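The values are calculated or read from the model by the stated rules, or taken from the named source; none is laboratory data. Everything numeric here is computed off the predicted structure, so don't read it as measured data. Cβ coordinates were reconstructed from backbone atoms using ideal geometry, including for glycine residues, and neighbour counts include every protein chain displayed. These area figures cover heavy atoms from the full protein model, side chains too; ligands, DNA and RNA do not enter into them. Shrake-Rupley method; radii C 1.70, N 1.55, O 1.52, S 1.80 Å.
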Amino acid sequence: MDNCTLCPRMCRASRPLTGTGSGFCGLPELPGICRADKHMWEEPDISGTKGSGTVFFSGCVLRCDFCQNSEISRFSCGKTVDAAGLADIFRQLESEGVHNINLVSPTPYYPVIKEALAIYKPSVPIVCNTSGYERVETLKELEGLIDIYLPDFKYSSSEAAAKYSAAADYPEVALEAIKEMIRQVGTPIHGEDGMMKKGVMIRHLILPDNIENSLGVLDMIADNFPQDIYVSLMAQYFPTGNEKHSELSRKITEEEYERVSSYMMLLGLENGYMQEHESADSSFVPDWNLL
Ligand code: SF4
């Protein structure tokens, strides 16, 4: 791939089929898959009782300093697949009875994913599980293929976005991206089994010593999206030991969690989930199949 402009970095980089690309993400055109398996730790209406069929793509366009999956998000790793190989993975996961196919960090690989879905479109919902740092133009290309968007909304503060993710434009970029996702699939629709079939659920991870950033994200959600939008407030941040920033070397406190969760209620954002404050530990990180 030449001239890559898939994500808001707009590197116009050259990305060889395999190996190392010259863009910010450093990723090649074909994805490395680090894990493809049933996952029980997503939100209850995504994982359900049978699990979410997660496909963890290697690499990331955002590369946050606090990444909880840094083992796979910094470079291409895992098993390299082409579109046919990816379609086979979708088919295999569906045959295991999962509730959905969950594409985790798919952004640099959308062209291959589109090709794979043209080869085989599972009958269960397709979930796009993204950092929220997306170009509207790229998302438009996915219209009709994605049933559920699970975007992060990480930052309202461009200072924090620049400091931790080298993406000062994140707040306005994510806002417009999520608007486009809502335009495509709307707010959540659930089936009789209680599982989400269609719609957008926004995730926000609370970071230590960044509570104003979290309150600002909730303000942006309340001010810009329908009141029945689903928000998943995540308290699972834990230090991995590689922190470049001293304030990130601890978990969030009970008081920080309370401030953010009570503000979410105050704004009337009553749909969605709040993770227990005690949930911050590395058990949320899967074992990677780095083939
Ligand atoms: S996907 Fe990678 S190469 Fe393409 S624009 Fe984004 S960071 Fe640059």
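The portion of the accessible surface of the range 32-284 made up by carbon and sulfur, rounded to a whole percent, is 49 (1.4 Å probe; DNA, RNA and ligands excluded). Size descriptors for the chain, from the alpha-carbon set: Rg then Dmax equal 17.8, 50 Å. Of the chymotrypsin sites (Phe, Trp or Tyr not before Pro) in the range 24-66, the ones in a loop by DSSP (not H, G, I, E or B) with at most 15 other beta carbons within 10 Å are TRP41. The stretch between ARG250 and ALA84 holds 55.5 nm of extra length on full extension. This uses 0.36 nm per residue minus the Cα-Cα distance. On the basis of the beta-carbon distance and an R0 of 41 Å, GLU94 and GLU137 show a calculated FRET efficiency of 0.85. Most simply put, the range 32-284 has about 30% antiparallel DSSP beta bridges, counting only bridges with both residues inside it.
The relative contact order of the chain, computed from alpha carbon pairs under 8 Å that lie at least 6 residues apart in sequence, is 15 percent. Summarised in one figure, the compactness ratio Rg/Rh of the range 8-153, Cα atoms and Kirkwood Rh, is 0.94. Between THR49 and ILE189, what is the spin-label point distance in nm, taking each point 7 Å from the Cα along the Cα→C-beta axis? Modelled inter-label distance: 2.5 nm.
In this Cβ point-charge picture (+1 for Lys and Arg, -1 for Asp and Glu), the range 1-63 has a dipole of about 200 debye about its Cα centre. Measuring between alpha carbons in the structure, the pairs from LYS114/LYS140; LYS163/LYS198; LYS79/LYS251; LYS38/LYS163; LYS79/LYS244 lying more than 24 angstrom apart are LYS163/LYS198; LYS79/LYS251; LYS38/LYS163; LYS79/LYS244.
Students often get this wrong: which residues of the range 16-40 have the backbone nitrogen under 16 Å from the point 7 angstrom along Cα-to-C-beta of LEU145? Within reach of a label on LEU145: 29-32.
Looking at the chain as a GNM with Cα springs under 10 Å, which of ILE211, ILE221, ILE33 has the largest mean-square fluctuation? Among ILE211, ILE221, ILE33, the largest mean-square fluctuation in the Gaussian network model of the chain belongs to ILE211. Of all beta bridges that DSSP places with both ends in the range 1-126, some 65 percent have antiparallel geometry.
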